[in-house]
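This report concerns only the one structure given below.
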Amino acid sequence: MRRDVFQAIADPTRREIITLVSKQSLNLNAVAENFDMSRQAISLHIKILQECGLILIKQEGRDRYCSIQPKKLSEVADWIEPFRKLWEARFDKVDDILKKLKTKKNGK
Amino acid sequence: MASKNKTTVIAEPGKQELFIIREFDAPRSIVFKVFSDKKLLEDWMGCKEMKVKYEKYEPKAGGSYRYISTMDNGMSFGFHGVCHDFSPPYRVIQTMEFEGLPETGHVVMETTKFEELPSDRTRVTVHSVFQSLTDRDGMVAAGMERGVTESHERLDQLLEEKFNSVVA
């Protein structure tokens, strides 16, 4: 299975976990409290996020704390980029159409 | 030619909306036309690996539209919606539903505003409101998977050929 930032953010629950943990380090239970699903399911998502390099897990006494890996997070911040590029490509074509319409008009 | 205008996408974490903002070096009435003419829409909505064809386009309040995106590999997806408000040259409000989802009913409300700027320029803002955060993120992520890597030069060429037949 792929383990990169794209895999990490492919799932809506994982995106929410990233948002939560990016604000502050939380232990596993605190993360799980925010979701309407089993602690096991959340653990699995956290494990995937860890394998994708987005989350660091530290043992502190009996608790395991999740914290964000800022460098990887900046890669996630770019998750909008391909969508933006799609619209950029479309709007570049709009520019071309506009240019031609204007030329046509001026030529009349 | 002036430097390229920037395309901005705002999708704040945790919000079920997104904005697409772009300025154009043309007067509002012309920009509005390019955004509301069936033939011109087909020209710029598609790309090298995806053709867009409108099977219905009724730009008026209460009108509806449906277009089909066909990929190079033959896969095709429909999009449809209803036009709620068609107010040239400043605003269009319509719904949009992507037919390729596993279940129906995931509808987006899109408001497109056309603002006049000094020097005959126009700012277009597309505001999309989704029914859930998951819907919004899914839409944005779909762009990610597409992997838009197209040669603009080749596109421009294609467009030029097409354009002649459109305006003629």
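Quick one: of A:LYS100/B:LYS51; B:LYS4/B:LYS51; B:LYS33/B:LYS60, which pairs are farther than 18 Å apart, Cα to Cα? Where the Cα-Cα span goes over 18 Å, the pairs concerned are A:LYS100/B:LYS51; B:LYS4/B:LYS51.
Distance check, please: which entries in B:LYS53/B:LYS113; A:LYS93/B:LYS53; B:LYS15/B:LYS38; A:LYS99/B:LYS56; B:LYS15/B:LYS113; A:LYS102/B:LYS48 exceed 22 angstrom between their Cα atoms? Could you put the intermediate results ahead of the total?
Values: B:LYS53/B:LYS113 24 Å; A:LYS93/B:LYS53 16 Å; B:LYS15/B:LYS38 31 Å; A:LYS99/B:LYS56 27 Å; B:LYS15/B:LYS113 20 Å; A:LYS102/B:LYS48 25 Å.
Long pairs (Cα-Cα over 22 Å): B:LYS53/B:LYS113; B:LYS15/B:LYS38; A:LYS99/B:LYS56; A:LYS102/B:LYS48.
Between A:ARG3 and B:GLU49, what is the FRET efficiency for a Förster distance of 30 Å, r being their Cβ-Cβ separation, to the nearest 0.05? Once rounded, the FRET efficiency stands at 0.60. Here the Karplus relation 6.51 cos²θ - 1.76 cosθ + 1.60, evaluated at θ = phi - 60°, turns the backbone of the range B:48-62 into coupling constants of 3, 9, 8, 9, 10, 10, 7, 8, 7, 8, 10, x, 6, 4, x Hz, with x for every Gly and Pro. Only helical runs count toward this figure. For the protein assembly as shown, summing -39,500 (n - 2.57) over DSSP H runs of n ≥ 4 and dividing by all residues gives -13000 deg cm²/dmol at 222 nm. Rounded to the nearest 20 debye, the dipole size of the range B:33-108 about its Cα centre is 320 debye, using +1 on the Cβ of Lys and Arg and -1 on the Cβ of Asp and Glu. Among B:129-140, B:12-23, A:81-92, the peptide with the highest mean count of other Cβ atoms within 10 Å heads the list, and the full ranking is A:81-92, B:129-140, B:12-23.
For the residues of A:96-106, the average number of beta carbons from a partner chain within 10 Å of their own beta carbon is 6. Each of B:TYR57, B:TYR67, B:TYR90 has some number of other Cβ atoms within 10 Å of its Cβ, and from fewest to most they run B:TYR90, B:TYR57, B:TYR67. Averaged over its residues, how many other protein chain Cβ atoms are within 10 Å of peptide B:5-11's Cβ atoms? If you average over the peptide's residues, the count of other-chain Cβ atoms is 5. As a rough footprinting exposure proxy, the listed residues B:TYR54, A:TYR65 were ranked by other beta carbons within 10 Å of their own, and the order from fewest upward is B:TYR54, A:TYR65.
Per-residue Karplus couplings for the range B:116-129, computed as 6.51 cos²θ - 1.76 cosθ + 1.60 with θ equal to phi - 60°, are listed in order as 6, 10, x, 6, 6, 10, 9, 9, 9, 10, 9, 10, 10, 10 Hz, Gly and Pro entered as x. Taking the range B:87-130 and a reference point 7 angstrom along Cα→Cβ of A:THR13, the backbone N atoms nearer than 20 Å belong to B:102-103.
Within the straight-line cut-off of under 19 Å between alpha carbons, the aspartates and glutamates reachable from A:LYS105 are A:ASP95, A:ASP96, B:ASP25, B:ASP37, B:ASP120, B:GLU160, B:GLU161, sequence neighbours fewer than 8 places apart in one chain being disregarded.
None of the figures in this text is laboratory data; all of them are computed from the coordinates on show. Note that the structure is predicted; figures quoted are calculated from it, not measured. Cβ sites come from the backbone with ideal geometry, for glycine too, and all protein chains shown count toward neighbours.
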